[in-house]
Amino acid sequence: MIDKHAIVIGGSIAGLMTARVLSERFARVTILERDRLPNGPEERAGTPQGKHVHNLLVRGLRIMEDLFPGFDDELAAAGAPMMNYGRDVRLLVSFHQWMPNVETDFASRAASRALVEHVIRRRVRQLPNVEIHERVIVDGLHVSSDRRVTGVTGGSLGIGDRGQIFGDLIVDASGRRSRTPQWLEQLGLPTPETTVVDSEVGYATRLYRKPKGFDKWTVLYMPARLPSVRGGAIFEVENDIWMASLGGYNRQYPPTNEAEFLEYARTLPQPDLYDAIKDGEPLSGIISYRNTRNIRYHYERINLPTHFVLLGDAVCGFNPIYGQGMTSAAMGAVQLGETLDALHGDLDAVTAQFQKQLAALHDSMWLLATGEDLAFIHLESGSGDGPDPGWFDRFVQKYAGYCVVTTPSDPHIVQTLFEITNLTKPPTALFHPRIAVSVLWHQFIRPRLGMSPKVAASN
Ligand SMILES: Cc1cc2nc3c(=O)[nH]c(=O)nc-3n(C[C@H](O)[C@H](O)[C@H](O)COP(=O)(O)OP(=O)(O)OC[C@H]3O[C@@H](n4cnc5c(N)ncnc54)[C@H](O)[C@@H]3O)c2cc1C
């Protein structure tokens, strides 16, 4: 523990997880959050994405459990159902095929984003050396002549007074709308390059009451499967609520009008989602969201002022379809703790070191998210203003596609895919010889021998 003060901009998943990690290493941690924070699992203006399906990946759940022992029990006590990937998730793997049933103990919780944030926030509020200042909007960085960030400037919403607050380490966890690039520019400092891969996905979500006695699945997940660019998911979350989100690539935005929303659901490759909601009892209106592009700010490539780091969506926002954001935020917070420990708390060195390590963490997540997106972008419109992916990324993307469509013939691949997409194993795990041979056999050799595919049972 160092006798120093850390300031965190943003009190959402990334900010709260970071505050937890820093609370063990700094005498004092202050979170500055623009919103008034609710006492329960409620939506708020600063996180409009919270109204849509949020999949908490297994890696994210494990980190949260590690930092807040009993976290999973708290989600369960609030009514969030268990989501065992072999048993409770019905997943469409190609236009016609469902993922087969597998015996696995690989599981997460199906919860609303509001509940996940609420449980984390409740635990952070119990930390004696963390203070949360609500209704405070940060509008600039205070940088000393030796290029050190020494504090932030901002104002109190409602009261209207402005001021400065000083700290020894400043963390920007203010999400996709982070103003750091503008603040750096105003200070005459270098600004980061960005890489954008935009498959122009739009979401529309509605809540339904789960029908009494329904137990076929906890999660129905039907990602877009070519040649269709439309997909959808239903997550059973706490209080027997079904959160149903529809989404389409290449501006195939799902409508917010009731009849058209249902019609869009009817056009998905398989009828399961439409059948589940067509006679359902709606509990909300239909809400849309379109700010979904993959965007990376390359802070690791610039000479940032010291005593300052950024993490979460402020550095890397992923197309939400792959469910990586909360887990990426949690991994970033853990990485920050590890970097600080490795540097023995040397705050002059932490900025450059941390941003490089964070970028390395983001690399494989980025490959997973953009790999699939690129298949859709190159199909129709959509845009990527980043460098064109090289042959290796394209090869991985193509090979991963073969692995996915092999799952109905080989349930062993299922577990590996679950582990990769849940970020508990790197994408390279797909190149295990056992998997490569299976893909070769089922996708290339069997068809040439005129043998029909062997298909495992799906739920
Ligand atoms: C439609 C959609 C669906 C998603 N689905 C998933 C999913 O399935 N799984 C998953 O893991 N992730 C998902 N995500 C991503 C996930 O929501 C974010 O990655 C996650 O919330 C972590 O983000 P964050 O904490 O970095 O930023 P945010 O959650 O955006 O929070 C930023 C916080 O900073 C505050 N703030 C902003 N500016 C200031 C300022 N100047 N001063 C003070 N406070 C400020 C805001 O009020 C807010 O509280 C989805 C995102 C979208 C858009």
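Label positions at R28 and N257, each projected 7 Å from the Cα along the C-beta direction, are separated by 5.7 nm. Determine the percent antiparallel among the DSSP beta bridges restricted to the chain, to the nearest 5. The antiparallel fraction comes to roughly 70 percent. Solvent-accessible surface of region 391-448, averaged per residue with a 1.4 angstrom probe and all protein chains in place: 51 square angstrom. Per-residue ellipticity at 222 nm from helix content only, as computed over the chain with -39500 (n - 2.57) for each DSSP H run of at least four residues, stands at -10000 deg cm²/dmol.
In whole angstrom, region 119-235 maps to an equivalent ellipsoid with semi-axes of 41, 24, 13, each derived as √(5λ) from the alpha carbon gyration tensor and ordered largest first. Our analysis of region 41-110 gives Rg over Rh at 1.03, with the two radii drawn from alpha carbon positions and Rh computed by the Kirkwood formula.
Using 21 Å as the Cα-Cα cut-off, could you pick out the over-long pairs in K51/K425; K212/K278; K51/K210; K51/K356? Where the Cα-Cα span goes over 21 Å, the pairs concerned are K51/K425; K51/K356. Under 15 Å of direct C-alpha separation, and excluding same-chain neighbours fewer than eight residues apart, K398 reaches these aspartates and glutamates: E372, D373.
I need to check one value: relative contact order of the chain, counting alpha carbon pairs closer than 8 Å and at least 6 residues apart, in percent. Relative contact order for the chain comes out at 20 percent.
Could you tell me how many degrees, from 0 to 90 and to the nearest 10, lie between the Cα long axis of helix 411-421 and the main elongation axis, the longest principal axis, of the Cα atoms of the chain? Here the helix axis deviates by roughly 20 degrees. Normalised radius of gyration (Cα atoms, divided by 2.2 N^0.38 Å) for the chain: 1.00. Using only the Cα atoms of region 262-385, build the gyration tensor, take square roots of its eigenvalues as a ≥ b ≥ c, and label the shape rounded, prolate or oblate: rounded if a/c is under 1.5, else prolate if a/b is larger than b/c, else oblate. Here region 262-385 falls in the prolate category. Counting only protein chain heavy atoms and rolling a 1.4 Å probe, the accessible areas of T428, T205, T194 rank, largest first, as T428, T194, T205. Beyond 23 Å, what share of the Cα-Cα pairs of region 171-292 is found? Please give it as a whole percent. Result: 43 percent of Cα pairs exceed 23 Å. Basic side chains Lys and Arg get +1 at the Cβ, acidic Asp and Glu get -1 at the Cβ, and with that the dipole of the chain about its Cα centre reaches some 600 debye. For region 391-448, with all protein chains in place and a probe radius of 1.4 Å, 70% of the accessible heavy-atom surface sits on carbon or sulfur. To the nearest ten degrees, helix 391-406 and the longest principal axis of the Cα atoms of the chain are 50 degrees apart.
By the Cα gyration tensor, region 391-448 has an equivalent ellipsoid whose semi-axes, rounded to whole angstrom, run 18, 14, 9 from largest to smallest.
Placing R0 at 41 angstrom, the Cβ-Cβ distance between N101 and S145 gives a FRET efficiency of 0.05 after rounding to 0.05.
The values are calculated or read from the model by the stated rules, or taken from the named source; none is laboratory data. Because the structure is a prediction, the values reported are computed rather than measured. Heads up, the Cβs are rebuilt from the backbone with ideal geometry, glycines too, and the neighbour counts pull from every protein chain shown. Note: accessible area is taken over every heavy atom of the protein model, side chains too, but ligands, DNA and RNA are not part of it. Shrake-Rupley method; radii C 1.70, N 1.55, O 1.52, S 1.80 Å.
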